[in-house]
Amino acid sequence: MSTVDLEMVPAGTPEKPENLGTPENIEELASIVQTEAGSLTYPAKLAVAYVVVNRMRRRGSVAVKDVERGFASFARPSDESRRAARGALAGDVPDPTHGATHFYTPAAMPKEGQFTRGRDVGGGLESVQGVTEYNTEIPVRNYRPSWSVKYPEIKVPSVPQSQFKFFRAPAGESIP
């Protein structure tokens, strides 16, 4: 797996896709953003929103519902989650993920020694700064999904890696 460190590279130039900022898309994407990153910072919410939008672009879709499989979506969106959704759908703000199509949350993945049945842990164990044993400061290793060793990682400097790690599937590869 390769890592792309974009700290010194300006965020991706937003494309101006047509018809993505519909009220239905904004609400559906805002619900995903709220569910996946609701308690986190605006930059984390924007990055999550862009991953969904990047999948839409890859599939040539104009509807969030076409790509929502694989993302949690059950929370009532906050105004900030709606703002992130609106900005990503309209392309009004640069894409901090530089085209990322996948993410996972190391802090939410099973930890070494925990039950893993039914979870994609094929990427093995990793150590991520900030991932600790529950209610302690003791570092622990977490599992990672199998696709995380095959796709290049995109570092988003404004989002701690314990919260999210972002990846970009190669062009032409089919993604959900």
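The values are calculated or read from the model by the stated rules, or taken from the named source; none is laboratory data. This structure is a prediction, so every number in the text was calculated from the model and none was measured. Cβ placement follows ideal geometry from the backbone for every residue including glycine, while neighbour counts extend to all protein chains displayed.
Whether a residue is modelled with pLDDT of 95 or more and of a type in the set (A, V, I, L, M) was assessed, and ILE154 passes this test. Taken as a whole, the structure leaves SER73 outside the set of residues that are of a type in the set (Ser, Thr, Tyr) and more than 16 Å from the chain's Cα centre (by Cα).
VAL62 falls short on exactly one of the conditions (1) closer than 20 Å to ALA169 by Cα; (2) in a helix (DSSP H, G or I); (3) free of Cβ contacts under 8 Å to residues at least 60 places away in the same chain; (4) among the β-branched types (Val, Ile, Thr), and that condition is (2). When the residues of the range 77-93 are filtered to those that are assigned to a loop (DSSP other than H, G, I, E, B) and modelled with pLDDT of 95 or more, the one that is surrounded by the most Cβ atoms within 10 Å (Cβ to Cβ) is PRO77.
Listed by first and then second residue, the pairs linking a residue in the range 134-152 that is under 12 Å from VAL121 (Cβ atoms) to a residue that is in a strand (DSSP E or B) and of a type in the set (S, T, N, Q), with Cβ atoms under 7 Å apart and 6 or more places separating them unless they lie on different chains, are ARG141/SER127.
Tell me, yes or no, whether the range 49-71 has at least one residue that is in contact with a helix residue (DSSP H, G or I) (Cβ under 6 Å, 6 or more places away or on another chain), farther than 16 Å from PRO176 by Cα and modelled with pLDDT of 95 or more. No: the range 49-71 contains no residue that is in contact with a helix residue (DSSP H, G or I) (Cβ under 6 Å, 6 or more places away or on another chain), farther than 16 Å from PRO176 by Cα and modelled with pLDDT of 95 or more.
Taking the range 65-90 as the range and being charged (D, E, K, R) and free of Cβ contacts under 8 Å to residues at least 60 places away in the same chain as the test, the residues that pass are LYS65, ASP66, GLU68, ARG76, ASP79, GLU80, ARG82, ARG83.
Being modelled with pLDDT of 95 or more, surrounded by 16 or more Cβ atoms within 10 Å (Cβ to Cβ) and within 29 Å of ASN25 (Cβ to Cβ) is a condition met by no residue of the range 126-142. Note on the range 117-176: residues that are of a type outside the set (Val, Ile, Thr) and assigned to a helix (DSSP H, G or I) total 3.
Scanning the range 99-113 for residues that are surrounded by fewer than 21 Cβ atoms within 10 Å (Cβ to Cβ) and over 11 Å from GLU36 (Cβ atoms) yields GLY99, ALA107, PRO110, LYS111, GLU112, GLY113.
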